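Before any comments, here is the structure.
Values quoted throughout were computed directly from the atomic coordinates according to the rules given, and no laboratory measurement underlies them. Here the structure is a predicted model, which means the values were calculated and not measured. Cβ atoms come from the backbone with ideal geometry, glycine included; neighbour counts cover every protein chain shown.
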Amino acid sequence: MERASAFTQEELNVFAIVAAQAGAAIDNAVSHQRIAQQSLQRSALERFLSPEVAAMVVANPDIKLGGVSQEVTVLFADIRGFTAMSENMEASRVVEILNEYFTRVTDVIFDHGGTLDKYMGDAVMAVFGAPISKGNDAANAVTSAIQIQRLLVELNHDAAARQWPELRVGIGINTGSVIAGNIGSPRRLDYTVVGDTVNTASRLMSNAEGGQILVSESTATAIGEGFDQTRLPALKVKGRVEPVQVFSVGWLETGASAVKKRRPTRGAPQSRKTAT
């Protein structure tokens, strides 16, 4: 006896259409889930990395060790005497102060196109020009330094009321060639920059007094006019045979200040204006 088909051809066609639509809906749901997951991953990464570096990691998760030669400006900022001050404070107060300071400094760095390289105790290292150049990276780095010094003035206004010590920061900036890339081991790597340019910026920071911004001649040349620069005696720094030509950058807000409210800049640097 011949068994009748359970479904007609028309019904089978309907089932095929429904299955196709269900498959498309599942694909869309998976895609949306993947996009949402990537968004969460990027948000998490941006808590530790600059937006540009976080975007690179999300776009290319198969990161390999290595680097490329790149022209950048490196900034170091260090709170003067903070280790000694912290000895007389509770650990929770030390963390509270550093967290607020780092939050505000990091915002300044990101707002001016910089990459936060690392925190080192109470010091910050930032890079302008890697992995992506914003144009006039040296000017953006110096503008960031000026804004950092000014935000310290704001923080110190409430220091007594908050039972905080007054903070003073020394900043060093240098411009030159570095190796920029993923450095470390396959299990633990960092996007960072290395080279003599970095070392010199660190040495300038070490020699900067609280409230002072020291820049190298290469940075002074790159930023050109628009900043209040004063040439200082050449500085003998550890690790270099020849003394480093150094300039101090003024940052106090006055009516004649050329950098008041200055925003990130783009384009070729202008000729240098040096105060004597």
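Observations on the model:
- Fully extended contour minus Cα-Cα distance, from residue 100 to residue 185, at 0.36 nm per residue: 27.4 nm
- Each Lys or Arg adds one and each Asp or Glu takes one away; over the other residues whose Cβ falls under 13 Å from the Cβ of residue 209, this sums to +1.
- Full-extension gain in nm, residue 92 to residue 118, via 0.36 nm per residue minus C-alpha separation: 7.2 nm
- Zone of residue 158's modelled label, taken as backbone nitrogen in the range 68-110 under 13 Å from a point 7 Å along Cα→Cβ: 97, 100-101, 104
- Candidates 185, 121, 69 compared by Cα position along the dipole of the range 64-275: farthest toward the positive end lies 69, with charges placed on Cβ.
- Multiplying the residue separation of residue 236 and residue 26 by 0.36 nm and subtracting their alpha-carbon distance yields 69.0 nm.
- Neighbour counts of other Cβ atoms within 10 Å put 190, 122 in the fewest-to-most order 190, 122.
- Summarised as an ellipsoid, the range 64-275 has semi-axes of 25, 23, 17 Å, derived from the eigenvalues of the Cα gyration tensor scaled by 5 and square-rooted, with the largest first.
- Computed from phi, the 3J(HN,Hα) profile of the range 170-187 under the Karplus parametrisation 6.51, -1.76, 1.60 (θ = phi - 60°) reads x, 10, x, 9, 9, 10, x, 8, 9, 9, 10, x, 8, 10, x, 10, x, 8 Hz, with x in place of Gly and Pro.
- Diffusion coefficient, µm² s⁻¹, Stokes-Einstein with Kirkwood Rh over alpha-carbon pairs of the range 104-221 at 20 °C and 1.002 mPa s: 142
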